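Note sheet for the following structure.
The values are calculated or read from the model by the stated rules, or taken from the named source; none is laboratory data. Please read these numbers as outputs of a predicted model, since none were measured by experiment. Cβ coordinates were reconstructed from backbone atoms using ideal geometry, including for glycine residues, and neighbour counts include every protein chain displayed.
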Amino acid sequence: MEPRAVLTADEIDLSDMEFWARPWEEREGAFQTLRRERPIAKFPEPEIPEALSYVIPQGDGYYALTRHAHISEASRHPEIYQSGQGATSMIDMPEEMLDFFGSMINMDNPRHARLRRIVSAAFNPRMIKSIEERIDFVANDVIDRVAPLGGCDFVTEVSSRLPLEIICDMMGIAPSDYDTVFSCSNIILSNGDPEYVPEGTDPMLAFMTAAQQLNLLMLDLAKYRKEHPTEDITSALVNTNVDGEALTDSEVASFFILLVVAGNETTRNAISHGMLALTEHPDQKRQWLDDLEGRSPTAVEEIIRWATPVIHFRRTCVAEDVEIGGQRIEEGQKVVLWYNSANRDEAYFDDPYRFDLARTPNEHIGFGGGGPHFCLGAHLARREIKVMFDELLRRLPDIEVTGEPEMLRSNFIHGIKRMPVEFSVPRTTR
Ligand code: HEM
């Protein structure tokens, strides 16, 4: 599929949800137009619903950064483009939400550096190596559950299960609570999608209730782990480490919400979009099947670039007299980093609309544009995606998407809600 420019630069409004309901080719066509004609365009902010206007002020717009080079520049200068001013979402977050979502992603130094120092050991490559067996086990368990059926909904049965079970497992959440965590994370990222927010419920209330539920679950666990430590991350975070540092119970709880939100939907959607792309590009699938181990490292990166599960994050300019790409940015102005656009930037990638599992180099910015907030879970996500595809291709080699995927309408998460797949039932189990 190729982008189709049906909107002129003047007609594009990235804040309008109608824009996000347009077909993929038209949205891509619009981003192509912006990159070429207005790489740093100013847009009004989405209108704050009346019911929320008392907690969230209507902001006066943002600059949309759509080129790879500009997004990298803003990401690598956190002293100019900060994350803690009203949060990293397009519209400011009300104070009461920051209590729950105020983890490191919405912080600047020195608070960010302290939190990141304490939690980063849990996600480094050595730590991920130590849970490789567990990832293999869960991926195969997920496949065992669907293999005899010959088909299933890929999102609910396959792609969403692995990241959820691994992160809950790492944190020490009991399996009986997995479904609660799953439904709360759906509500938090649903953008008020009626499918996830119960009928007649105010989306904001549903959102806060879901966050509160995760918060309580984790506060209880944090308290318990202080007295009864195990090998899980929660125990490591609440009990002082060698430098005498630890998180408070409420810091652990909001970090957990961040992990659930940041780690589940993203990895799930990378896997779902990867499955869809393999169906649409059978030649690429064939090549991967022919060299499973050899192709995996570049294939995983290309799937992340192709999917770009996180569409944007925002920063706020805190310096005077700043210029980026020839555009002056005033102090206090918001800039939104459109990762989806950077990952298709023709000034940076060779033939960016070609899905090429052997692509090298591939310095996509699906995990962020560099700088201190670069995705903490990148090693984990890469491993999960690799293992899931290695096992799917090995055990269900003819798996393919057999119906129209149902897309999440969001300008933040590039999500697939449902997607039917079919495959031949394997004659042997594992
Ligand atoms: C394919 C999967 C994933 C994608 C595409 C992704 C993408 C991102 C992006 C774009 C950022 C912001 C980077 C920035 O502002 O510079 C981020 C931050 C973050 N991610 Fe991921 N992520 C993924 C998986 C995960 C996983 C599995 C976890 C953990 C379980 C995780 C935890 C985090 C955390 C904690 C942050 C905040 C880091 C900070 O502020 O210092 N992510 N991720």
Any hit, the stretch 339-347, residues being touching a helix residue (DSSP H, G or I) at 6+ places or on another chain (Cβ under 8 Å), more than 16 Å from the ligand (Cβ to nearest atom) and closer than 23 Å to residue 315 by Cβ: yes
Counted residues, the stretch 21-56 - those being part of a loop (DSSP other than H, G, I, E, B) and hydrophobic (A, V, I, L, M, F, W, C): 3
Set 361, 420, 397, 352: member being without any contact (Cβ under 8 Å) to a residue 60 or more places away in the chain, surrounded by fewer than 17 Cβ atoms within 10 Å (Cβ to Cβ) and more than 18 Å from the chain's Cα centre (by Cα): 361
Selected residue (only one of 103, 75 is of a type in the set (Ser, Thr, Tyr), in contact with a strand residue (DSSP E or B) (Cβ under 7 Å, 6 or more places away or on another chain) and within 12 Å of the ligand (Cβ to nearest atom)): 75
Residue match in the stretch 288-299 (condition: within 19 Å of residue 404 (Cα to Cα) and more than 10 Å from the ligand (Cβ to nearest atom)): no
Checking residue 411 against (1) surrounded by 17 or more Cβ atoms within 10 Å (Cβ to Cβ); (2) more than 11 Å from the ligand (Cβ to nearest atom); (3) not in a loop (DSSP other than H, G, I, E, B), the condition it does not meet: (3)
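Please return the ranges of strands (runs of 3 or more DSSP E) entirely within the stretch 226-336 where 2 or more residues are of a type in the set (Val, Ile, Thr).
Output list reads 322-324.
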Members of the stretch 135-181 that are among the small types (Gly, Ala, Ser), over 21 Å from the mean Cα position of the chain (by Cα) and closer than 24 Å to residue 215 by Cβ: 172, 174, 176
Odd one out for residue 400 among (1) in contact with a Phe, Trp or Tyr (Cβ under 8 Å, 6 or more places away or on another chain); (2) within 9 Å of the ligand (Cβ to nearest atom): (2)
Subset of the stretch 357-395 that is outside any helix (DSSP H, G or I) and under 21 Å from residue 275 (Cβ atoms) - its residue that is nearest to the ligand (Cβ to nearest atom): 377
Within the stretch 131-161, tally of residues that are farther than 19 Å from residue 420 by Cβ and crowded, with 23+ Cβ neighbours inside 10 Å: 1
Matching helices (runs of 4 or more DSSP H) fully within the stretch 129-194 where at least 3 residues are at pLDDT below 95, away from the ligand (no atom under 13 Å from the Cβ) and closer than 16 Å to residue 413 by Cα: 178-188
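Can you tell me which residue in the stretch 312-338 is farthest from residue 1 (Cα to Cα), limited to those that are within 9 Å of the ligand (Cβ to nearest atom) and not aromatic (Phe, Trp, Tyr)?
Out of the qualifying residues, it is 315.
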